[in-house]
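Comments concern the structure below.
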Amino acid sequence: MRDEHFLFSGSYVPLNHGSYGAFPAAVRTYQRSLQDQTESRSDAFIRFKAPSLLLESRTAIAGLLQVPRQTVVFVPNATTGVNTVLRNLSWADGDVIVYLSTAYGACEKTILHICETTPATSVRIDVSFPIEDDDLVDLFRLRAQGIAAQQGKRVKVAMFDTVCTFPGVRLPWEALVEACKAEGVLSLIDGAHGIGHIDLFDLGQVDPDFFTSNCYKWLFTPRPCAIFYVPTRHHHLIRTTYPTSHGFKPSQERQIPTAASSDSDYLGELFKWAATVDMSPYLSTLEALRFRSNVCGGEAAIENYCFDLAQQGGKRMAQLLETEVMDNRNAKLSQCCFAMVRLPLRFASDTVSTTDRVMDRRSEATRGGIEYNQQLLPPERGPEFVKTIMDKLRDEHDTWIPMKFYSGAIWFRISAQVYLEMADLEWAAGVLSKLCKELPGSASGS
Amino acid sequence: MVTPAFGRQMRDEHFLFAKSYVPLNHGSYGAFPAAVRTYQRSLQDQTEARSDAFIRFKAPSLLLESRTAIAGLLQVPRQTVVFVPNATTGVNTVLRNLTWNEGDVIVYLSTAYGACEKTIVHVCEITPATSVRIDALFPIEDDELVDTFRLTVQNIAAQQGKHVKIAMFDTVCTFPGVRLPWEALVKACKAEDGAHGIGHIDLSDLGQIDPDFFTSNCYKWLFTPRPCAIFYVPTRHHHLIRTTYPTSHGFRPLQEQQAATSASSDNDYLGELFKWAATVDMSPYLCTLEALKFRSNVCGGEAAIRNYCFDFAQQGGKRMAQLLETEVMDNKNATLSQCCFAVVRLPLRFASDTVSTTYGFTDRRSEATRGGVEYNQQLLPPERGPEFVKTIMDKLRDEYDTWIPMKFYSGAIWFRISAQVYLDMADLEWAAGVLSKLCKELPGSASGS
């Protein structure tokens, strides 16, 4: 699959689909033909052909998500989706934005900026993984209720991921949306790792208040391309694109779009042009879906393969490294295309860390191995070791694996994909093992 | 130095248009040569070959190179210029970063680009700011425009509790496609929307003219792919620009932010803020250097391009006006036409009770050119103006494989031609012939129904 259909360098092992995504040659060919048509006659294409292609791609996405087309539009990326929601809402004294510590950096910064420039304040819920789904939902409810109990405060919006960036784990986002409804809080789902990654057929039923997801990450479209979903009941809240462009209707002019009449496409009209960009990634969506269907066998087939590879592959790597996969007891965190595995490096620590809790759960049979031969490493060198290993992966092994010093250990994230197989992960485990041994402070290092 | 072969030959050898297409509307979406496309695609191929390696480790230095090249063109320090997708984003970035208080007024001209006007309208809906739109009717003399602006500002300042916080102008307007005395307007009050700026007019004095904010599309006149624009902020205002839109990794919360007021050479506050504004395809930004190389090596440099295009717009506009027996839109001092656009009137007379621009022009034409096509026609009803515009533009697209923007403006239909290095006089003469024919075919004209 990798050799026949994708665009990676022949020697490169692409283990990090999660950062920038990837798309097959078929989609690139299609995208370039759209761009060629654009340069051939730019006015004719942009003004008269692109709009209908855009509608087709919106229709295709709406079909995938099983939501009405009028509720879904394209934006460049999930960060723009998040900014669009947070900056369109009106913020009054007492309004609180709640989010998790796993929020993507740029989204947290958006919240911080909003709180600097409006009366809104924010509350960040620190979450340490692994954590059980129920515990996370309870934690959120408790914090939300705690805020609501304070004089003059109300939680206006809560923001969650579907699958976090780091650690790469699935959140119980559906249950969190339900909890938001129970607490009277608007739910903003940053599903950057959503469409094409986890099953979103129930999006309409789960019914978040706002949802955005990157197509360029897991749906095989070019960059930048994301979808922005707003159920009809909230359309009146979204007044402008960012940046504001031709679709904006001043408040005197516009009609309030409360009816879900089939010929009202308020969101579509607003978002069909948000300043001059290259729309070809949006217009390539249908082609990407065709590839996933015709060549890969469809969304379910892709999801099954990737989840399986992530879960089996994670376990296999943990076995080879003699460490563990990050997961909770109910094995929910790993219900995604990421595998989170620990590097065989023991760091000194006085506090009970994630590592210790995870390790306590390992069976006796798997104890021992590389790490017990090592000295305890100083935790303040964790980030430095991360950098050393990642640089060597890039420079000496022609791959890239994101990792972080998290909760007392180094955890790395593998992105399962249809262009990977177990041999790739086994190879990676071998490389990582070697690099760990080479580190200063490890058994064979200086 | 060999004079580059501008015109048809340039078009066939270097650009990407369909062979039968006559590209008379560079001003809307721009165009870029095959050399730049090849370079862009190689960047994209490198990205897909190893996305992390390219995006994290190679793109940043290429971005710096392109910023350096642009800074050289504008003769401003590199720290003052960054890339954004388009001028609309630049305008949004300024207006949404500023703090708006009761009494703050935004002043702008009626020629403001629609999306920019809508941004102002939205800002006024959600903040205490209000706006004043100066209706400018073209043609107008530079002095008159500057005076009108000054008067407006003074009148606002005279009102209790009001003051003009910011004024927004184009360098060259979208429609009509005329050059504004933006330098004089900056002197009068400082803020700028230069969507048709870079690569179109000479901006090497940008640093001296010293607007407070300036943004310009590179994809329009600088031969880069879409989307690509520059955003210029002199160092003294860096502290006002807190975030990109959308907010991304470069944002530093107030507690963290070091005072970004020092202009020390290793402080690149704006660069750090704008180097990543959410995941986009950066290849257009990274093509800037290549585009400049093409303009230098193949076209003979910025001055050569500008001279050709201005000359072509001016001579070509006159030639088309001659063939159509109408006029070019210009003011008495011929400053409006100091750009790459020619704005010419269609030979259609519309009924009007008021003295319109058209009649103003007619009076200035010499007796020798009176008569001709339009005097044979009945006076057309002005309410049908927009409909005629649509009819003609559709036919241009469907039957003549070209596209010319036009509008019913001030009692007549004016069209806008974008001069470029890939056009020559034969193209404009051909277009004049087509337009003449289409005017005659219109219902209500001499030969039409």
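Laboratory data are not the source of any read-out in this text; all were calculated from the coordinates shown. The structure presented is a predicted model; accordingly, all values stated were derived computationally and were not measured. Cβ: placed from backbone, ideal geometry, glycine included. Neighbour counts: every protein chain shown.
A few comments on the model shown:
- Magnitude of the charge dipole for chain A, about its Cα centre and with charges confined to Cβ atoms of Lys, Arg (+1) and Asp, Glu (-1), is about 640 debye.
- Across segment B:420-426, coupling constants 3J(HN,Hα) worked out from phi with the 6.51/-1.76/1.60 Karplus curve, θ = phi - 60°, read 7, 5, 9, 10, 9, 4, 4 Hz, and Gly and Pro carry x.
- Evaluated with a Cβ-only charge set (Lys, Arg +1; Asp, Glu -1), the protein assembly as shown carries a dipole of roughly 400 debye about its Cα centre, given to the nearest 20.
- Placing unit charges on the Cβ atoms only, positive for Lys and Arg and negative for Asp and Glu, gives segment B:44-293 a dipole magnitude near 560 debye about its Cα centre.
- Here the 3J(HN,Hα) profile of segment A:54-63, calculated from phi with Karplus coefficients 6.51, -1.76 and 1.60 at θ = phi - 60°, is 4, 4, 4, 5, 5, 4, 5, 5, 4, x Hz, Gly and Pro shown as x.
- Which of A:Tyr242, A:Tyr99, A:His193, positive extreme of dipole for segment A:32-290 (C-beta unit charges): A:Tyr242
- Around the amide H of B:Gly197, modelled in the peptide plane, lie the amide H atoms of B:Asn217, all under 5 Å away and 5 or more residues distant in sequence or on another chain.
- Likely footprinting exposure, A:Met159, B:Met393, fewest C-beta neighbours within 10 Å first: B:Met393, A:Met159
- Counting DSSP beta bridges with both ends in chain B, the antiparallel % (nearest 5): 60
- Charge dipole of chain B about the Cα centre (unit charges at C-beta), most positive-ward option of B:Val178, B:Pro225, B:Asn86: B:Pro225
- Normalised contact order of chain A, rounded percent, pairs of Cα under 8 Å and 6 or more residues apart: 19
- Here the label points at A:Glu56 and A:Arg290, each 7 Å from Cα along the C-beta direction, are separated by 0.7 nm in the simple model.
- Here segment A:32-290 carries DSSP beta bridges of which approximately 30% are antiparallel, counting only pairs with both residues inside.
- Per-residue Cβ neighbour rank within 10 angstrom, fewest leading, A:Ile227, B:Ile392: B:Ile392, A:Ile227
- Note that segment A:397-413 has calculated 3J(HN,Hα) couplings of 10, 6, 8, 8, 10, x, 8, 8, 7, 9, 6, x, 8, 9, 10, 10, 10 Hz, one per residue in order, obtained from phi through the Karplus relation 6.51 cos²θ - 1.76 cosθ + 1.60 (θ = phi - 60°); glycine and proline are x.
- Top positive-direction residue, dipole computed over chain B with Cβ charges, set B:Ser51, B:Asn307, B:Asn155: B:Ser51
- Per chain B, cysteines lacking a partner by the 4.7 Å Cβ criterion: B:Cys116, B:Cys124, B:Cys173, B:Cys189, B:Cys287, B:Cys299, B:Cys339, B:Cys439
- Placed amide H near B:Phe214: partners under 5 Å, 5+ positions off or other chain: B:Tyr232
- Percent RCO, i.e. relative contact order, over segment B:44-293, from Cα pairs under 8 Å lying at least 6 residues apart: 25
- Packing-based exposure ordering (other Cβ within 10 Å, fewest first) of B:Asp52, A:Asp3, A:Asp138: A:Asp3, A:Asp138, B:Asp52
- Antiparallel DSSP beta bridges within the protein assembly as shown, as percent of all bridges there, nearest 5: 50
- Modelled spin-label separation between B:Lys440 and B:His239, with each label point placed 7 Å from Cα along the Cα-to-Cβ direction: 6.8 nm.
- For the residues of A:291-300, the average number of beta carbons from a partner chain within 10 Å of their own beta carbon is 0.
- Cysteine residues of chain A whose Cβ has no partner cysteine Cβ closer than 4.7 Å: A:Cys107, A:Cys115, A:Cys164, A:Cys180, A:Cys296, A:Cys336, A:Cys436.
- The distance from the alpha carbon centre of segment B:131-201 to that of segment B:35-65 is 39 Å, rounded to a whole number.
- Of A:Ile46, A:Ile195, A:Ile414, the one that fluctuates the most in a GNM where chain A has Cα springs shorter than 10 Å: A:Ile46
- Residues whose amide H falls under 5 Å from that of B:Ile413, counting only those 5 or more places apart or on a different chain, are B:Leu346, B:Leu348, with hydrogens built in the peptide plane.
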